[in-house]
Amino acid sequence: MSTSTAFPTSNAHSPQAPRTLYILRRMRGGFGGAEKVMERFAKSLDTRWRIHVVTAGAQVAGVRMGGVRGPNWWRAYQYALHVNRLLENQPNNLSFSMERGPKAYVYRAGDGVHRRWIELRYGRSWRWRCNPWHWLAPRLERQTLQSVATIIANSNMVKQDIARFYPAYMDKVEVIYNGFDARVFKPATVDKAALRQSLQLPEAGRLLLFCGSGWERKGLHASLQFLAHAQRADATQPIHLVVVGKGKAHRYRHRLAELGVAPAVIFREPTREVVTYYQAADTLILPTAYDPFANACLEALACDCPVITTCWNGAAEVIQQGRTGWVLNSVAPDALRALSEQWLTFKAEAGRVAASVQTYTQENEMAQLERVLQRVERQCP
């Protein structure tokens, strides 16, 4: 795979020579799901195309891509502006965008539909108007949706959101679910007690896992409340919650004290070895306010770990209600209390949870993506 930022000056290509594919994503590296997906796509697609990853700050054709400095909305605007100028001079090469704003051939709507997020977060309130990003993001989104030949949604939820807010572009949408790495995410070969000991976690009782960054959106408050309900419903065994990811734990101190769960909550830094946490936990809890498709849910299921999430998570579509996990339609106290009582009596048959998602592998995901790119390539000049 080439990650050089020096693009060829000639657009000529032959059937024997691989064609250039520009993968567009403003951010690179870190532990974010979208950034990891981008790196994986780049590595997987380089057998057929010459891959150039275009990120903010990259030196491309003698010009540095914008999007490095300033507030988030300004960085997004500058990145899209610079990328569009670049692609105007590369008309015969393919472009695959994972970012709102660029005018590409294929767009993967992995960040969902921003207008839907505004609706879910603010409801009837007009407070969203105070943030320039909420004005700009839908305009960037529409620009990309209008320009591309194919839109890839990673869940039917996202497809339905596009249909609702951008009906004119519905005939472009295809659903390709996220895939997990079956070589990494699989059921443990040792018991949970040994795994917990290796992670320096409590070995006895039940263990909930919250995994991800952006704790407010991912639903950490609701997870803490669920833990409190479970502890009150069953005082015969210890129940802990381990939080793995990037966040500001001190902002939750008051809530921890208020619920009386502080001794049962363990905060851990982000890690690339999260598979052991999935295998050690009894359940992954991710009551997210909005997630196009949370990779953590699929990875946990592949590790035979049941999942609790919400209907606002595209990954809910691969969960069998009451068998491999639970999908909440509300995170109100009564709903969390009722589910905590069900969860305390639930015991999954060994291997059943993992078996339910065995078709959602990265190999299947990449095969579908390559078919889309090959079809678009045939349609390109």
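The values are calculated or read from the model by the stated rules, or taken from the named source; none is laboratory data. For clarity, every value in this text was computed on a predicted model and none was experimentally measured. Every residue, glycine among them, receives a Cβ derived from its backbone with ideal geometry; neighbour counts consider all protein chains shown.
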Looking only at segment 186-228, and only at residues there that are of a type in the set (G, A, S) and in contact (Cβ under 8 Å) with a residue 60 or more places away in the chain, the one that is farthest from I285 (Cα to Cα): S198
Could you pull out the residue among Q197, Q225 that is surrounded by 19 or more Cβ atoms within 10 Å (Cβ to Cβ) and modelled with pLDDT of 95 or more? Q225
Some residue of segment 107-117 being in a loop (DSSP other than H, G, I, E, B), over 30 Å from R19 (Cα atoms) and out of contact with any Phe, Trp or Tyr (no Cβ under 6 Å at 6 or more places or on another chain): no
Consider D234 carefully, then state whether it is farther than 16 Å from Y277 by Cα, in contact (Cβ under 8 Å) with a residue 40 or more places away in the chain and in the same structural domain as A281 (by TED's automatic domain parsing). yes
Residues K159, K103, K186: which one is touching a Ser or Thr at 6+ places or on another chain (Cβ under 8 Å) and not assigned by TED's automatic domain parsing to the domain that holds A296? K103
The lone condition R139 fails out of (1) surrounded by 19 or more Cβ atoms within 10 Å (Cβ to Cβ); (2) on the phi < 0 side of the Ramachandran plot is (1)
S330 versus (1) touching a Ser or Thr at 6+ places or on another chain (Cβ under 6 Å); (2) not assigned by TED's automatic domain parsing to the domain that holds T150: which is the lone unmet condition? (1)
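Conditions (1) within 23 Å of the chain's Cα centre (by Cα); (2) among the basic types (K, R), marked per residue:
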{"site": "L209", "(1), (2)": "yes, no"}
{"site": "R232", "(1), (2)": "no, yes"}
{"site": "V242", "(1), (2)": "yes, no"}
{"site": "K248", "(1), (2)": "yes, yes"}
{"site": "E273", "(1), (2)": "yes, no"}
Determine whether segment 282-300 contains at least one residue that is surrounded by fewer than 23 Cβ atoms within 10 Å (Cβ to Cβ), without any contact (Cβ under 8 Å) to a residue 12 or more places away in the chain and assigned by TED's automatic domain parsing to the domain that holds L199. no
Out of the residues in segment 162-179 that are in contact (Cβ under 8 Å) with a residue 40 or more places away in the chain and touching a Ser or Thr at 6+ places or on another chain (Cβ under 9 Å), state the one that is surrounded by the most Cβ atoms within 10 Å (Cβ to Cβ). G179
Step by step: first the residues of segment 336-381, then only those that are of a type in the set (K, R) and assigned to a helix (DSSP H, G or I), then the one that is farthest from N89 (Cα to Cα). Which residue is that? R337
So which residues in segment 301-329 are in a loop (DSSP other than H, G, I, E, B) and either in contact with a Pro (Cβ under 8 Å, 6 or more places away or on another chain) or surrounded by 14 or more Cβ atoms within 10 Å (Cβ to Cβ) (or both)? C303, D304, C305, P306, W312, I319, Q320, R323, T324
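Going by the conditions given, is N131 of a type outside the set (G, A, S), surrounded by fewer than 18 Cβ atoms within 10 Å (Cβ to Cβ) and within 17 Å of R217 (Cβ to Cβ)?
yes
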Would a scan of segment 281-292 turn up a residue that is small (G, A, S), in a helix (DSSP H, G or I) and at pLDDT 95 or above? no
With A109, A76 as the choices, which residue is under 20 Å from the mean Cα position of the chain (by Cα) and over 26 Å from C380 (Cβ atoms)? A76
